[in-house]
Amino acid sequence: MKKIFLIILALFLCAGISFAEEGTKPSSGELVNKCWQAHGKRDIEATFKYTQELIDLYKDEADKEQASLKELPKAKNEILEVAALNDVTTAYFIQAESYMRQGKVEDAKKIFNLIIAKYSFAQAWDPRGWYWSIKLASEQSIKKIDGKSIEIEQKKKVSQLPTKIVLYDPGKEDIVNYAKYGEFKNVGTKDYKYIVTDQEGLIAAVGEGIYPNSTSVRWDPAFKKALKEKRLDGDLWDFTHTPDLEAAFFKWATGSEPQGVRLFYIGLILEKAGLIKHALKCYYAIVVHFPGSYGWTYWHTPWYVGQAAVAKVNFILRNNPQIGYKLVGADIKIINGYDNSVANDIAVVNPGRLVKVGALDKIKAKPSSKSLIVKRKSGEGKVHTVQYENGDWQLMVEGKPYLIKGITYTPTKVGLSPDEGTMTGWTEDDFNNNTKADGPYDSFVSIDPAVPVGDFQLMKEMGVNTIRLYHHPQKINKEVLRDMYNKYGIRVIMGDLIGKYALGSGAQWNPGTDYNNEEQKKNMIDSVTKMVNEYKDEPYLLFWLLGNENVYGYACNADSEPDAFFNFANEVAKIIKSIDLEHPVAICSGDILFLDKFGKDAPNIDIFGANAYRGNYGFGRLWKSVKEEAGIPVFITEYGCPALAEGKSLLEGEEFQAAYHKASWEDIANNMAFASGSGNAIGGVVFEWLDEWWKQYEPFIHDAKGVAIGPFPDGYFHEEWFGISGQGDGKESPFYRHLRKSYYTYQKLWNNGDGSNNGDGSIFSEK
């Protein structure tokens, strides 16, 4: 998702896919690729030729597959088993979309309604990394045809007040003293366990819904009432984001998911209901009883519930100082936990202790860069990193600490799309023909376009000091970047994708870049060398960045060959340093997948970066994991939250987005040098500056559908709503900026003190 590069599908469409030999029946997959190609080129004749051929050949098979299903397939292997259904329905969808482009709206609606009625379980693959429901997309398209603007629809929605949860049995203790009710064995080892010796006492202490008192809700009169009213009917997961919090609490408390997963979602529901202390008990119960528990993400990667629970406890205590407690010593390390398998996992557990915060904790002096000796430097140039004797890291720029207050900046005019080959580069866009780049200089925040402010000025006022940019494939106007630095103090992290999306390697999209292929590696080295030679002397350059979550494997084999990938990245870093000694080298990985292999294979990389979307409580154990496995500083290369939530008003969506960003930044700040965390955070890059309307294939429409399950207010990635500024109704694009609440949240965090003070009064910024 959220790719910083805007050419993914365009590359896919131009990838030179090989098809079946003439005279043999083409597969539905081969035909659907031809359909997308023709549609992307706006070749109507070819579009209908290939879509109809696909439908004629595979419709009967698709009908049988639809009839065999009772629900939408979720696992990737289950989705692939009904390929004919998916591809035939995609062909119909492409036909309908083509009719829409031609203005034949009734023909389009007829096909969209056919999809909704007959092919409700079909899904299409998005090369950005997920499957999407074609039925939901068709419903959304009908709304477009009928002129039902998402903005208008959301404004008309009246937020439903969450059902209040009144606990029948809140428990006898707000902070449970587990030592009274059992014994902690083998703390800090793989053999950790908590043995309950007084179950009756522990049940009374924790209260309803919390292990080992989970099923006591069945005696709650409100539960019986909800059961009678049939408010608990339906699938458990449908209750995750329902506004009926009481029903959700009862449903999850009596659900069939593993105890650790169940407790985590109960905790989330209790938080939403404002029962913070009961939620705290819920999360800590996971740490004590089920520290090694796990669930699965939408992409079927392991999600370690115990680690998330520790982060949740710390988040609640940090944001609710009135509780008066802190968690000391808690840590759950999953040995072998950086791959996609749980079979080899070993949990090393210390549940820690909840202790009262004393007066000395509030006035405890912190060390500073002035009081500590530098024990290690990575690089000798004007930009380098330093590690102090206490183990903390900082990024240094011309002798001063520098904190990355970054943003992904890819302003895109409404209506342009890489899927259709119309995307242009923002440093050269000049749609009003005034010889200035539109977004950087001509954007405005009022309804009067005669009063331009420009994004660079807006970002400066927000506190931004860094953007993230790739040197390929779009042309970059260096003069714009020089002006951005000279006038607005904003630097550039310059990147090369080293083969992600098959870019730079010379490989085709399918099967993608092979990190064992010598010819492809030579092509990528040539691409990086060109980048370094072209930009190494630019004053705005902060450091080099390699890749963009390559380990997730789309159009490359880094997911199946992580050692080959990281060894190659290490080789590239060496080459960069042989040309440029002034700037360090970072990697942009996908969260901490294969982090252990990175630590072993890539000693020449100076900074670890991760695209991470973990929820509204920060990044959990990421900081400590990088410290253990790689021993280098880390920054979040991409994080954010959509400003849209199903069933909520646009204003509420902005509130949720702002709260998410605030918590994310506070976690980053808490893990900077001389703070209370791991001491290795050097900043982060917000995703993103401006909503991009092209991401759901209709670039003139601001789509509201969720494309994948994610840790957001309504549980979905709304790909076109991640901007901390919006484009309104799109009529004033690319110039109008609706600054959302998250913009002003950062303005306060980044300009008025943000927890990043280094102990001697200075803030890590050059501005």
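Nothing in this text is a laboratory measurement; each read-out follows from the coordinates by a stated rule. The model shown is predicted, which means the values in this text are computed figures rather than measured ones. Don't worry about glycine lacking a Cβ; one is built from the backbone with ideal geometry, like all the others, and counts go over all protein chains shown.
Between the stretch 606-685 and the stretch 313-382, how far is it from one alpha carbon centroid to the other, in angstrom?
That distance is 14 Å.
Find how many whole Å separate the alpha carbon centroid of the stretch 173-243 from the alpha carbon centroid of the stretch 57-128.
The stretch 57-128 and the stretch 173-243 have Cα centres spaced 43 Å from each other.
Pairs K190/K281; K224/K272; K41/K536; K74/K695: which are spaced more than 32 Å apart, C-alpha to C-alpha?
On the way: K190/K281 24 Å; K224/K272 22 Å; K41/K536 38 Å; K74/K695 22 Å.
Distance filter (> 32 Å) returns K41/K536.
Given charges of +1 on the Cβ of Lys and Arg and -1 on the Cβ of Asp and Glu, with all other atoms neutral, how large is the dipole of the chain about its Cα centre, in debye to the nearest 20? Could the numbers behind the result be given before it?
Details: 90 positive and 101 negative charges, 501 e Å.
That gives the chain a dipole magnitude of about 2400 debye.
Rank Y617, N319, A602 by how far each Cα sits towards the positive end of the charge dipole of the chain (+1 on Lys, Arg Cβ; -1 on Asp, Glu Cβ) and give me just the farthest.
Comparing the listed Cα positions along the dipole, N319 ranks first.
Got a sec? How would K521, K70 order by Cβ neighbour count within 10 Å, fewest to most?
On the way: K521 20, K70 6.
Fewest-to-most Cβ neighbours within 10 Å comes out as K70, K521.
Take I195, I203, I175 and order them by how many other Cβ atoms sit within 10 Å, fewest up front.
Ranked by crowding around the Cβ, least crowded first: I195, I175, I203.
Mind checking the log10 I(q)/I(0) for the stretch 51-141 at q = 0.15, 0.20 Å⁻¹? Debye, one equal scatterer per Cα, no solvent, two decimals.
-0.52, -0.91
Rounded to the nearest 5, what is the percent of antiparallel bridges among the DSSP beta bridges in the chain? List each step's numbers first, then the result.
Details: 37 of 73 bridges.
Percent antiparallel among DSSP bridges in the chain is about 50.
Hull surface divided by four, with the convex hull built on the Cα atoms of the stretch 314-430: how many nm²?
15.4 nm²
Could you sort out which of K597/K624; K356/K624; K662/K741; K230/K251 sit more than 19 Å apart by Cα distance in this structure? Write down the numbers at each step before the final one.
Working: K597/K624 16 Å; K356/K624 24 Å; K662/K741 11 Å; K230/K251 11 Å.
As for pairs spanning more than 19 Å Cα to Cα, those are K356/K624.
Sorted from fewest to most neighbouring beta carbons within 10 Å, what does the list I632, I335 look like?
Working: I632 25, I335 12.
Starting with the residue having the fewest Cβ neighbours, the order is I335, I632.
Could you work out the relative contact order of the stretch 178-363? I mean the mean sequence separation of Cα pairs under 8 Å and 6+ apart, divided by the number of residues, in percent.
Working: 280 pairs, mean separation 31.9, N = 186.
It comes to 17 percent, rounded to a whole number.
Which lysines have a Cα lying under 24 Å from the Cα of K436, excluding residues fewer than 8 positions away in the same chain?
Qualifying lysines at Cα under 24 Å: K413, K460, K475, K478, K487, K731.
How big, on average over all directions, is the shadow cast by the Cα convex hull of the stretch 178-363, in nm²?
Quarter of the Cα hull surface area: 11.9 nm².
Hey, which of these cross-link pairs are over 32 Å Cα-Cα: K25/K110; K59/K143; K59/K228; K34/K577?
Values: K25/K110 29 Å; K59/K143 27 Å; K59/K228 44 Å; K34/K577 43 Å.
The pairs that break the limit, which is 32 Å between Cα atoms, are K59/K228; K34/K577.
At a threshold of 8 angstrom on Cα-Cα distance, excluding pairs fewer than six apart, so keeping six or more, what relative contact order does the chain reach in percent? The partial results should precede the final answer.
Details: 1503 pairs, mean separation 91.6, N = 767.
Averaging sequence separation for qualifying contacts and normalising by length gives 12 percent for the chain.
List the equivalent ellipsoid semi-axes of the stretch 477-592 in whole Å, largest first, each obtained as the square root of 5λ for an eigenvalue λ of the Cα gyration tensor. Walk me through the numbers before you get to the answer.
Working: eigenvalues 142, 39, 33 Å².
Semi-axes from the Cα gyration tensor: 27, 14, 13 Å.
Which label marks the calculated value of mean projected area of the Cα convex hull in nm², given the options [x] 33.5; [y] 31.6; [z] 29.8?
Calculated mean projected area of the Cα convex hull in nm²: the matching label is [x].
Along the positive direction of the dipole of the chain (beta-carbon charges: Lys, Arg +1; Asp, Glu -1; about the Cα centre), which of I407, I579, S214 reaches farthest?
The residue sitting most towards the positive pole is S214.
To the nearest 20 Debye, how big is the dipole of the stretch 178-363 about its Cα centre, given +1 on the beta carbon of each Lys and Arg and -1 on that of each Asp and Glu?
Working: 22 positive and 18 negative charges, 107 e Å.
Dipole size: approximately 520 debye.
Name the residue from L136, T240, W544 whose Cα lies farthest towards the positive end of the charge dipole of the chain, charges +1 on Cβ of Lys and Arg and -1 on Cβ of Asp and Glu.
Final value for the positive-end residue is T240.
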